[in-house]
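So the structure is just underneath, and the comments pick up after that.
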Amino acid sequence: MARDAAATEAKSLNQSLGHRSRARDAEYIAATEILEAANGGTSDVRREPVAWSGRTTGGEQATIDVRFLATVEESSGTSFGDPGNSAGQATRCYRYRLELYRYTSFEEIDCPTVATPPVPTAAPIPTLPDDAHDRLTAALRTATPDTLAGRVRAAFPEKHVTVDTTIHENALVAAVGVPAERDCLLLVRTPGGAIETPGYDRIWLEPGEMGCRTGLYVSPPR
């Protein structure tokens, strides 16, 4: 029963890792999606990432080895034909392979002789700053057509943030974002001075689409 519980949890983890749509390194995935325990009924299964390498980006592949330690409690059964079971433990290991825009695959492997595996840590994912709306609003309020690009770039010096600006029918338009995360802020200063947030279909931020550009407002896809 313990071996079956470990195998069931391994399959469940494969399903939860699922289809990968973001570039992530293996350690980040191990820290945020694997470091947890799964409990159910009379069994307890602990997950331990024991090795990881690579990342899900471009043609690369992330590989994560996970050890499942299952413990089954003794059960006396019921009066309805369940004979119960004795207590038991089992350890099984599986290797998960993750690729961008593909479903995760897994296979059972021999467990490594790692008594105490290292604990994975998750480096922060690049995102727009929390005050992005305030920064961009301030830049647009003080900008002129000639200074628009420079003011917006100065408001967002972070290297991972992209900036796109344009003038459209006397309105100042700016889009700032983190393309890999489909993170985008689009603001417009109208000729009358109002700051507006145009709506757009977020599917246009997906790879192969327009991305975080002023075209989301100036020339949206049809």
Practice task
Please state, to two decimals, what the Cα-based radius of gyration of the chain comes to when divided by 2.2 N^0.38 Å (N = residues).
Solution key: 1.47
Exercise for the section: Pull out a ≥ b ≥ c, the square roots of the eigenvalues of the alpha-carbon gyration tensor of region 131-218, then state rounded if a/c is under 1.5, prolate if not and a/b is larger than b/c, and oblate in the remaining case. Expected result: oblate
Problem - Listed residues Lys11, Lys159 arranged by accessible area, highest first, probe 1.4 Å - result: Lys159, Lys11
Handout entry: Extension gain from Arg141 to Thr113, taking 0.36 nm per residue of separation minus the Cα-Cα distance
Key = 3.9 nm
Fill in the blank from the handout: Interchain or sequence-distant (5+) residues whose placed amide H lies within less than 5 Å of the amide H of Gln61 are Arg55
Problem - For Asp183, residues with placed amide H under 5 Å, excluding near neighbours - result: Val178
Exercise for the section: Report, in whole Å, the centroid distance computed from the Cα atoms of region 1-29 and region 169-213. Expected result: 36 Å
Completion exercise
In region 92-163, the chymotrypsin sites (Phe, Trp or Tyr not before Pro) that sit in a DSSP loop and have at most 13 other Cβ atoms within 10 Å of their own Cβ are Tyr101
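The values are calculated or read from the model by the stated rules, or taken from the named source; none is laboratory data. What you see is a predicted model; the values in this text were computed from it and never measured. Note: ideal-geometry Cβ built from the backbone for every residue, glycine included; neighbour counts use all protein chains shown. Quick note on the areas: whole protein, heavy atoms, side chains included, nothing else; ligands and nucleic acids left out. Shrake-Rupley method; radii C 1.70, N 1.55, O 1.52, S 1.80 Å.
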